[in-house]
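No value in this document is a laboratory result; all are computed from the given coordinates. From a predicted model like this one, the values you see are computed outputs, not experimental measurements. FYI the Cβ positions are ideal-geometry reconstructions off the backbone, even for glycines, and counts take in every protein chain you see.
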Amino acid sequence: MPDTYTFWTPTERSAFVAFWDDGTVDEGPMLGADEVICDACDCDICFTPVPLADGYALCDDCFKERFGLTVEEAAAKEDIVITRKEEE
Ligand SMILES: [Zn+2]
């Protein structure tokens, strides 16, 4: 199966949701729409939308290593424009 990726625009969400056997539900702390880390190397991802491969978010370096093209090049194929956050 070929490697594929999709683009995901993060929204505010819970870090996790846990459903327990007794029916209670625990939700993790809220993450902001701009709080995304690379699932491969744990670095901050400072652009949106974020590429997902098999459901895992990838940063610039990990994406390029896996797919051999930059996030911008991949996005351009799908008429998606990557927005980079201002450096602080
Ligand atoms: Zn990475």
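What the table shows:
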item: Residues with amide H under 5 Å from that of ALA57, placed H, sequence gap 5 or more; result: ASP39
item: Added length on full extension, which subtracts the Cα-Cα distance from 0.36 nm per residue, GLU27 to THR70; result: 12.0 nm
item: Gaussian network model of the chain, springs between alpha carbon atoms under 10 Å - residue of PHE67, PHE19, PHE47 with greatest fluctuation; result: PHE19
item: For the stretch 1-68, average projected area of the Cα convex hull in nm²; result: 5.9 nm²
item: For the stretch 6-84, size of Cβ-based charge dipole, Lys and Arg +1, Asp and Glu -1, in debye; result: 320 debye
item: Positive-end extreme of charge dipole, the chain - chosen from ALA18, GLY68, MET30 (charges on Cβ); result: GLY68
item: Long-range HN-HN contacts of LEU52 with modeled amide H, under 5 Å; result: THR6, PHE7, TRP8
item: Listed residues GLY23, GLY68, GLY32, most fluctuating in the chain (Gaussian network, C-alpha, under 10 Å); result: GLY23
item: MRE, 222 nm, helices only [DSSP H, n ≥ 4, -39500 (n - 2.57), over the chain, to nearest 500]; result: -4500 deg cm²/dmol
item: Hypothetical label at ALA15: residues of the stretch 49-66 whose amide nitrogen lies under 18 Å (7 Å Cα-Cβ projection); result: 57
item: Length-normalised contact order for the chain - Cα pairs under 8 Å, 6+ apart - percent; result: 25 percent
item: Nearest-0.05 FRET efficiency for TRP8 and ASP79, computed from C-beta distance (R0 22 Å); result: 0.90
item: Residue order, fewest to most surrounding Cβ atoms within 10 angstrom, among TYR5, TYR56; result: TYR56, TYR5
item: Centroid-to-centroid separation of the stretch 36-79 and the stretch 15-31 [C-alpha atoms, Å]; result: 27 Å
